[in-house]
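One structure is given here, and the rest of the page talks about it.
The values are calculated or read from the model by the stated rules, or taken from the named source; none is laboratory data. What you see is a predicted model; the values in this text were computed from it and never measured. Cβ placement follows ideal geometry from the backbone for every residue including glycine, while neighbour counts extend to all protein chains displayed. With ligands, DNA and RNA removed, areas are computed over all heavy atoms of the protein, side chains included. Shrake-Rupley method; radii C 1.70, N 1.55, O 1.52, S 1.80 Å.
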Amino acid sequence: MCGIIAYVGDRKCREIIINGLKRLEYRGYDSAGIAVLMKKNSKKNEKQAASENYSINIAKQAGKIAELEKLINDTHIDGCVGIGHTRWATHGAPTQINAHPHMDCKSKIAVVHNGIIENYAELKDELISKGHKFISETDTEVIPHMLEEFNNGDLLIAMQKLLKRIKGSGAIVALNSDTPEEIVAARISSPLVIGIGKDGNFLASDMPAVLEHTRNFMIVNDFETIRIKKGSIEIFDIDGKKITREPFKVNWSITSAEKSGYEDFMLKEIFEQPFGVKETMRGRLSEGILDFKEIDLTSEQIINLEKIHIIACGTSSHAALLGKQLIEKWARIPVEIEVSSEYRYKDPIVEKNCLFIAITQSGETIDTLAAIREAKSKGARIVAITNVVGSTVARESDAVIYTHAGPEIGVCATKTFTAQIIVMYLIAVYLASKTGRLKEENIQEILGELEIIPNKIQSILNNAEQIKKVADQLYKYRTFLFLGRLFGLPIALEGALKLKEISYIHAEGYAAGEMKHGPIALTDTNTTVVGIVPKDSVYEKMLSNIEEVKSRNATIFSVATEGDTQISKYSNYVFSVPKTIEELYGILTIIPLQLLSYYIAKNLGRNVDQPRNLAKSVTVE
Ligand code: F6R
């Protein structure tokens, strides 16, 4: 939620910041702003100290980055030191006044912030009583005023004092016109990375923001403060003690953060799934041999596992549900799904011999982070599954399994979901093989099918046009029910989530057998039912459920298996996926549902990459 970028170096930074903000726009897109240090235009300044020659120039605007860009196109705002922000409003409406950066009373300090200051009301009262003037409704505005209070010439020290007073979360980046050669920053909970460039250094909420300038990064940890200059990077703890940190290099390409000819990131990311799935298997599964070093548990420890808990939110929780079904079926270990946002409030039980798996594509979801902290405090061992190297969840977990889907820019999760599912398949088989609870011939059959799954996904994508035609008919409906059973259930839930988040159509995912217990009352001529009906062990049951809603005048779209000759009798529209084993239909049947949501949303003129009210990573509670 909210994106931050900063640059200090030899180059003019306006374009660097605007381009970076565009890449961060998925984190928030209701308003944006930029602040740049610029030399004052006065001759008498020559004799003044260099510091007095600079002022902070700010431009901010409600709306998307394009609005900010329009605003500054005709201005002279540019310089070699600057900060930018794209906002997802938490305190105060998305207006120009509430947009970041925010300033102190003397307009010498400018701040951008991603997070929430929980004790801002108390701090604001204190600052007002000292004579500070506030102009916005934001919590963030207390930060520049507090820095102004604490600043005795070194903004970094002021930042360290600030961290001791504020409660909440945040990545904070500040400029000071009195020290124009540096940018100062701090982090509590919200993500922040340092990008190390040849001609300057960067700060950003996320690596793709600066990937076109560098692939060398350092992570910032909680309660650390940073000073970056053109040729130096310094990291300190909250008490000012210097910290040394090794940089790391990412192998993400610049094109992976661009649309590469696709109309939207979402569509590009849907089409990248064969690659993301293959990359996620690479090094773990090859020619029937499964190697999962990351789990780092002995066979004996695995056999003795009493329970596995999987913690996740949203789409990741649907991967968790599929994972539960797979692990329970193949490895016979009981699995409990924990909704991250609920977990820490229920005084959770952490068994002696248990394993926690946290699934989070961003690795920054605050609820998942809080849940793993709670579980850890009770002695749990955490294995994280995430797509972002060096993310907070990755660093706070005992072991990490990276999905290699590449950066996902579209707000709704697509390729990271299928990469998560692949990891769940691999983990389930791995645990089953270590416990000896699945026959070797079954293991070989599953692994063999997994190795050819990317080709099957590709063959579905090759028929995307068929789904578009269905979407062209269905986009007028206002109620969608997604029905599935067994391994089709997580896919029904995920299909409904995809549709509602990008098209704003009301959609629900249900276990098909639950329809009779209430939801079937919704069914009439205005309802579309999407059935996940592959040829599996519950196929006949699904047919009956589809029949029940068809006879109540719903329009039926079935996702079925190639060669199924019965399904068209029950359905108005059918899309067929290639044959596979029953547990693997999930990863195939989700692809047409992602495409369906995409094309319906496009028909309705929605912004699929940046749906209203949503942000890519949810870093506030
Ligand atoms: C839906 C979506 C969200 C996320 C959820 C968890 O398309 O993207 O539901 O899945 O916010 O995010 P992560 O996986 O980053 O923890």
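Computed from the C-beta positions of Arg552 and Lys40, the FRET efficiency with R₀ = 60 Å rounds to 0.25. Using a Debye calculation, one point per C-alpha and no hydration shell, please list log10 I(q)/I(0) for the stretch 268-456 at q = 0.11, 0.12, 0.16, 0.17 Å⁻¹ in order. The computed values of log10 I(q)/I(0) come out as -0.44, -0.53, -0.96, -1.08. For the stretch 3-257, the calculated P(r) over all alpha carbon pairs, in 5 Å bins from 0 to the bin holding the longest distance, is 1, 7, 14, 19, 21, 18, 12, 6, 2, 0, 0 percent.
First select every other residue whose beta carbon is under 10 angstrom from the beta carbon of Glu149; then total the charges, Lys and Arg +1, Asp and Glu -1. Every neighbour counted, the sum reads 0.
Each principal axis of the Cα cloud of the stretch 116-161 was taken in turn, and the coordinate range along them, longest first, works out to 28, 23, 16 Å. Taking 7 Å steps out from each Cα toward its Cβ at Ser232 and Asn613 produces label points 4.9 nm apart. Of the chymotrypsin sites (Phe, Trp or Tyr not before Pro) found in the stretch 50-137, those that fall in a DSSP loop while having at most 16 other beta-carbon atoms within 10 Å are Phe134. For the stretch 402-465, the square roots a ≥ b ≥ c of the C-alpha gyration tensor eigenvalues yield an a/c of 1.5 or more together with a/b not exceeding b/c, which makes the shape oblate. With each run of n ≥ 4 DSSP H residues scored as -39500 (n - 2.57), what mean residue ellipticity at 222 nm is computed for the chain after dividing by its residue count and rounding to the nearest 500 deg cm²/dmol? The helix-only estimate for the chain comes to -10000 deg cm²/dmol at 222 nm.
Among the trypsin sites (Lys or Arg not before Pro) in the stretch 275-332, those placed in a DSSP loop whose Cβ has at most 15 other Cβ atoms within 10 Å are Arg282, Arg332.
What number comes out for the charge environment of Asn216, summing +1 per Lys or Arg and -1 per Asp or Glu over other residues with Cβ under 14 Å away? Its environment carries a net charge of +1.
Averaging 1/r over each pair of different alpha-carbon atoms in the stretch 463-603 and inverting the result gives 14.4 Å, the Kirkwood hydrodynamic radius.
How many percent of the alpha carbon pairs in the stretch 274-321 exceed a separation of 17 Å? Pairs farther apart than 17 Å: 60 percent.
Quick one: what do you get for the chain if you divide its Cα Rg by 2.2 N^0.38 Å? For the chain, the normalised Cα radius of gyration is 1.02.
When only alpha carbons of the stretch 423-540 are considered, Rg and Dmax amount to 17.6, 51 Å. In degrees between 0 and 90, to the nearest 10, how far off the longest principal axis of the chain does helix 120-129 point, with axes built from Cα atoms? Tilt relative to the chain: about 10 degrees.
Near Glu342: Cβ cut-off under 14 Å, other residues only, Lys/Arg at +1 and Asp/Glu at -1. The net charge is -4.
Convex hull volume of the Cα atoms of the stretch 372-478, normalised per residue: 186 Å³. Greater than 20 Å separation of Cα atoms is the criterion. Which listed pairs, Lys439/Lys579; Lys39/Lys133; Lys378/Lys434; Lys164/Lys242; Lys415/Lys476, meet it? Too far apart for the 20 Å limit: Lys439/Lys579; Lys39/Lys133; Lys378/Lys434; Lys415/Lys476. Loop-resident chymotrypsin sites (Phe, Trp or Tyr not before Pro) (DSSP state other than H, G, I, E or B) in the stretch 338-398 with no more than 14 further Cβ atoms inside 10 Å of their Cβ: Tyr345.
Its alpha carbons considered, the stretch 44-181 gives a radius of gyration followed by a Dmax of 15.2, 45 Å. Three semi-axes describe the equivalent ellipsoid of the stretch 325-398; taken as square roots of 5 times the Cα gyration tensor eigenvalues and ordered largest first, they are 19, 16, 11 Å.
Applying 1/(1 + (r/R0)^6) with R0 = 60 Å to the Cβ-Cβ distance of His517 and Ser55, what FRET efficiency is obtained, to the nearest 0.05? Efficiency, rounded to the nearest 0.05: 0.35. The angle between the Cα long axis of helix 415-435 and the longest principal axis of the Cα atoms of the chain comes to about 60 degrees, rounded to the nearest 10.
Working from label points 7 Å from Cα in the Cα-to-Cβ sense, the Glu449 to Ser537 distance is 1.2 nm. Taking the DSSP bridge list for the chain and keeping only pairs wholly inside it, about 65 percent are antiparallel. Counting only protein heavy atoms and using a 1.4 Å probe, what share of the accessible area of the chain belongs to carbon plus sulfur, as a whole percent? Carbon and sulfur together cover 48 percent of it. Taken as Cα centroids, the stretch 393-464 and the stretch 157-172 sit 40 Å apart, rounded to the nearest whole angstrom. Full extension of the chain segment joining Asn353 with Lys133 gains 73.6 nm, where the gain is 0.36 nm per residue of separation less the Cα-Cα distance. Rolling a 1.4 Å probe over the protein heavy atoms gives the chain an accessible area of 38 Å² per residue.
Net length available on complete extension from Glu562 to Asp239 is 109.9 nm, with 0.36 nm assigned per residue and the Cα-Cα distance removed. Residue separation of Glu294 and Ala121 scaled by 0.36 nm, minus their Cα-Cα distance, works out to 57.8 nm of gained length. Under the convention that each Lys and Arg Cβ holds +1 and each Asp and Glu Cβ holds -1, the size of the dipole of the chain around its Cα centre is about 900 debye. Quick one: angle between helix 440-461 and the longest Cα principal axis of the chain, in degrees between 0 and 90, rounded to 10, please. Taking Cα atoms only, the helix is inclined about 70 degrees. Set the Förster radius R0 to 56 Å, insert the Cβ-Cβ distance between Ser459 and Gln301 as r into 1/(1 + (r/R0)^6), and round the FRET efficiency to 0.05. Given R0 = 56 Å and the Cβ-Cβ separation, E is 0.90.
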